[in-house]
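Working notes for the structure below.
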Amino acid sequence: MTIEEIVSLARARGRSGAAVCDHDLALLDAPDFDDFLLIPGIEVSTQLGHLLGLFVTGPVDTRDFFQAVETIHGQGGLAVLAHPFEHSRDGSRLAPAVPLLDGVEVWNSRADRKIHDANRLARSFAQVCKLRPFGGSDAHCPQEVGSGYTVIEAEGLTPESVKAAL
């Protein structure tokens, strides 16, 4: 999908913003839209699973989880563990990641397809580890855009306000 298609679909489904996080490819130079915030992001494939980088300003050229978090934070971005239980129920494998994370995706519209309670496990993991919960559609096709989301209260629809609220 093009960025314009994603924005149009998200707006039609009542969303006022979207994070575009392609696999291992950062969205750079995100266009501006009236009354819609496009958050530049990336979904990094790492040894601990997928890691979302939100508000990134450059590429993340590593597949090492710890280096990827360092790169995301170095760019002023947020590091969020994506669908952590989509493939495995083993939460202990994620223990080294917890102190570095800004949040955990506790709702992913695709995660329960492989492990039926993946989202519930992620929600419990976030609560136990005291990590902020995030939701996302993980849209791979137009029908999925906006099917998962994070609700926040922000002072405005600007990157700075939304990032602070997250």
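Numbers at a glance
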| item | result |
| --- | --- |
| Residue satisfying all of: in region 65-95; among the charged types (D, E, K, R) and open to solvent by 50 Å² or more (accessible area, probe 1.4 Å); nearest to A18 (Cα to Cα) among these | E70 |
| Lone qualifier among A19, A30, A79 - being over 13 Å from the mean Cα position of the chain (by Cα) and of a type in the set (G, A, S) | A30 |
| Any hit, region 9-25, residues being surrounded by fewer than 14 Cβ atoms within 10 Å (Cβ to Cβ) and in a helix (DSSP H, G or I) | yes |
| Single residue of V98, V151 found to be open to solvent by 20 Å² or more (accessible area, probe 1.4 Å), at pLDDT below 95 and of a type in the set (A, V, I, L, M, F, W, C) | V151 |
| Region 107-123, subset open to solvent by 20 Å² or more (accessible area, probe 1.4 Å) and outside any loop (DSSP other than H, G, I, E, B), residue nearest to L51 (Cα to Cα) | W107 |
| Residue within region 135-156 that is in contact with an Asp or Glu (Cβ under 6 Å, 6 or more places away or on another chain) and in contact (Cβ under 8 Å) with a residue 60 or more places away in the chain present | yes |
| Residue in region 30-51 that is aliphatic (A, V, I, L, M), over 30 Å from E155 (Cα atoms) and surrounded by 15 or more Cβ atoms within 10 Å (Cβ to Cβ) present | yes |
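The values are calculated or read from the model by the stated rules, or taken from the named source; none is laboratory data. Quick caveat, the model's predicted, so the values are computed rather than measured. Positions of Cβ are generated from backbone atoms using ideal geometry, with glycine treated the same way; all protein chains shown enter the neighbour counts. Side chains are part of the model used for accessible areas, which takes the heavy atoms of the whole protein and leaves out ligands, DNA and RNA. Shrake-Rupley method; radii C 1.70, N 1.55, O 1.52, S 1.80 Å.
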